[in-house]
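Colleague: Quick one: this structure, given as structure tokens, is what I'll be asking you about.
The values are calculated or read from the model by the stated rules, or taken from the named source; none is laboratory data. As the structure is a computational prediction, the values presented were derived from the model and not from experiment. Using ideal geometry, Cβ is built from the backbone for each residue, glycine included, and neighbour counts are taken over all protein chains shown. The area values use the complete protein model at the heavy-atom level, side chains included, leaving out ligands, DNA and RNA. Shrake-Rupley method; radii C 1.70, N 1.55, O 1.52, S 1.80 Å.
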Amino acid sequence: MVDLLRKPAGVRGKVHDITPEAAGWGYVGFSLYRLAPGDVAAEVTGGREVILVLVEGKAHVTGAGQDWGVLGDRMNVFERTPPHCLYLPDGTDWRAVATTPCTLAICSAPGKGGHPARLLGPEGIALTPRGTGANQRFINNIAMEAADVADSLLVTEVFTPAGNWSSYPSHRHDEDDFPRMTYLEESYYHRLNPPQGFGVQRVYTEDGTLDETMAVKNHDVVLVPKGHHPCGAPYGYEMYYLNVMAGPLRKWRFQNDPDHDWIFRRDNPGV
């Protein structure tokens with residue numbers, strides 16, 4: 001089994017570079033730059049589409065032959081304001097020059113040339129509550145299924161209040177059996193507030209052949225190749241994560257762990 005917990009390589013520059021080959025799967029790629037003012041990040045997309053997410057800070061971005069100007073507004077991700085993002089199709093390139101300290105995420109998946117370059121957010125992205133009680137979290141949907149903006153990518157942000165759970169009740173999306181379930185690989189880029197905190201993420205299958213529980217810290221990435229993948233935020237520490245999902249079909253269909261589905265049914269009567 002490929003190591004599911006990926007630590008950042010440093011504190012400046014390209015601190016994550018997770019390719020499908022490095023992850024041991026076929027679709028999702030994730031990289032992360034932490035830039036100081038004046039630092040430059042630049043890549044070609046090749047056969048992959050990408051969504052650039054200004055997690056925090058500002059950068060002057062060019063891509064796909066266009067100057068997109070200075071993108072970014074929130075200086076700390078825990079402001080919970082909508083992010084500035086840029087979709088770029090396969091067969092293009094991009095360049096970002098940080099104008100402030102900047103955290104730039106690169107979400108990627110196979111491209112099919114089906115969508116043009118375009119800005120995603122902050123307009124049209126609204127922080128939305130999901131769940132109830134200690135299972136409540138808050139979502140910024142960047143590029144989910146309802147928005148026809150990408151060939152393969154599904155991207156969202158989740159803020160989990162201190163003491164709460166998310167990606168819960170435990171669910172999985174690891175079978176290509178639409179409409180019952182879709183096969184989607186997934187990565188989690190984690191942040192904690194205050195930054196010295198930690199969170200907990202478990203990745204497990206119902207038959208127990210995969211069962212890993214990880215303490216995640218600021219800037220860690222967790223890979224979810226299959227199985228259930230709940231997260232918990234300890235008392236005193238708010239958790240953020242940026243999700244990237246992709247598979248053969250750009251739809252999100254999942255099933256809850258039968259042991260814990262009663263929680264969903266209790267909280268969602270009539271669904």
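Colleague: Select from Pro169, Gly57, Ala150 the residue farthest towards the positive end of the dipole of the chain; place +1 on Cβ of Lys and Arg, -1 on Cβ of Asp and Glu, and compute about the Cα centre.
Modeller: Result: Gly57, furthest along the dipole toward the positive end.
Colleague: Moving on. What is the distance in Å between the Cα centroid of the range 131-166 and that of the range 209-239?
Modeller: Going from one Cα centre to the other spans 15 Å.
Colleague: Starting from the Cα gyration tensor of the range 1-70, take the square roots of the eigenvalues, sort them a ≥ b ≥ c, and report rounded, prolate or oblate (rounded when a/c is under 1.5, otherwise prolate if a/b is larger than b/c, else oblate).
Modeller: oblate
Colleague: Which one of Ala42, Ala105, Asn76 has its Cα pushed farthest toward the positive end of the charge dipole of the chain, where Lys and Arg give +1 and Asp and Glu give -1 at the Cβ?
Modeller: Asn76
Colleague: Counting Lys and Arg as +1 and Asp and Glu as -1, each charge on the Cβ, what is the dipole of the chain about the Cα centre in debye, to the nearest 20?
Modeller: The dipole of the chain has a size of about 600 debye.
Colleague: If you don't mind, there's one more thing I want to ask. I want to check the label-to-label distance for Asp73 and Thr128. Put each point 7 Å from Cα in the C-beta direction and report it in nm to one decimal.
Modeller: Result for the modelled spin labels: 1.9 nm.
Colleague: Next question, about the same structure. Keeping all protein chains in place, calculate the accessible area per residue for the range 26-72 (probe 1.4 angstrom), answer in Å².
Modeller: 34 Å²
Colleague: Here's a follow-up. Measure off, as a whole percent, the carbon and sulfur share of the 1.4 Å-probe accessible area of the range 128-197, all protein chains present.
Modeller: Answer for the range 128-197: carbon and sulfur cover 51 percent of the accessible area.
Colleague: Run the numbers on the chain and let me know its relative contact order in percent, using alpha-carbon pairs under 8 Å that are six or more apart.
Modeller: With pairs under 8 Å counted, the relative contact order is 19 percent.
Colleague: Next question, about the same structure. If r is the Cβ-Cβ distance from Phe254 to Lys112 and R0 is 30 Å, what FRET efficiency results, to the nearest 0.05?
Modeller: The formula returns an efficiency of 0.80 here.
Colleague: Which value, in debye to the nearest 20, describes the size of the charge dipole of the range 74-177 about its Cα centre when Lys and Arg Cβ atoms bear +1, Asp and Glu Cβ atoms bear -1, and nothing else is charged?
Modeller: In total the dipole reaches around 520 debye.
Colleague: Which FRET efficiency value, to the nearest 0.05, is calculated for Val44 and Gln136 with the Förster distance at 35 angstrom and r the Cβ-Cβ distance?
Modeller: Result of the calculation: an efficiency of 0.30.
Colleague: Rounded, prolate or oblate: which fits the range 1-144 when a ≥ b ≥ c are the square roots of the eigenvalues of the alpha-carbon gyration tensor, with rounded for a/c under 1.5 and prolate only if a/b beats b/c?
Modeller: Working: a/c = 1.25, a/b = 1.09, b/c = 1.14.
It comes out rounded by the Cα gyration axes.
Colleague: Tell me the relative contact order for the range 143-262 as a rounded percent, counting alpha carbon contacts under 8 Å between residues six or more apart.
Modeller: Dividing the mean separation by the residue count of the range 143-262 yields 41 percent.
Colleague: Rounded to the nearest 500 deg cm²/dmol, what is the calculated helix-only ellipticity per residue at 222 nm for the chain, with -39500 (n - 2.57) per DSSP H run of length n ≥ 4?
Modeller: The per-residue figure over the chain is -1000 deg cm²/dmol.
Colleague: Round to the nearest 0.05 the FRET efficiency obtained for Phe198 and Lys7 when R0 = 22 Å and r is the Cβ-Cβ distance. Could the numbers behind the result be given before it?
Modeller: Details: r = 13 Å, r/R0 = 0.58.
For R0 = 22 Å, the calculated efficiency reads 0.95.
Colleague: Something else: Provide the per-residue ³J(HN,Hα) series for the range 101-113, in order, calculated from phi with Karplus coefficients 6.51, -1.76, 1.60 and θ = phi - 60°, each as a whole number of Hz, with x at glycine and proline positions.
Modeller: x, 9, 10, 10, 9, 10, 9, 9, 7, x, x, 10, x
Colleague: Counting Lys and Arg as +1 and Asp and Glu as -1, each charge on the Cβ, what is the dipole of the range 54-94 about the Cα centre in debye, to the nearest 20?
Modeller: I would put it at about 180 debye.
Colleague: When the chain is fully extended, how far beyond the present Cα-Cα distance does Asp177 get from Thr205, taking 0.36 nm per residue of separation?
Modeller: Full extension from Asp177 to Thr205 adds 8.4 nm.
Colleague: Starting from the Cα gyration tensor of the range 163-237, take the square roots of the eigenvalues, sort them a ≥ b ≥ c, and report rounded, prolate or oblate (rounded when a/c is under 1.5, otherwise prolate if a/b is larger than b/c, else oblate).
Modeller: Prolate is the answer for the range 163-237, as a/c is 1.5 or above and a/b outweighs b/c.
Colleague: Further question on the same structure: Starting from the 7 Å offset along Cα-to-Cβ, what nm value, one decimal, do you get for the label separation of Asn218 and Trp262?
Modeller: Going from the Asn218 label point to the Trp262 one covers 4.0 nm.
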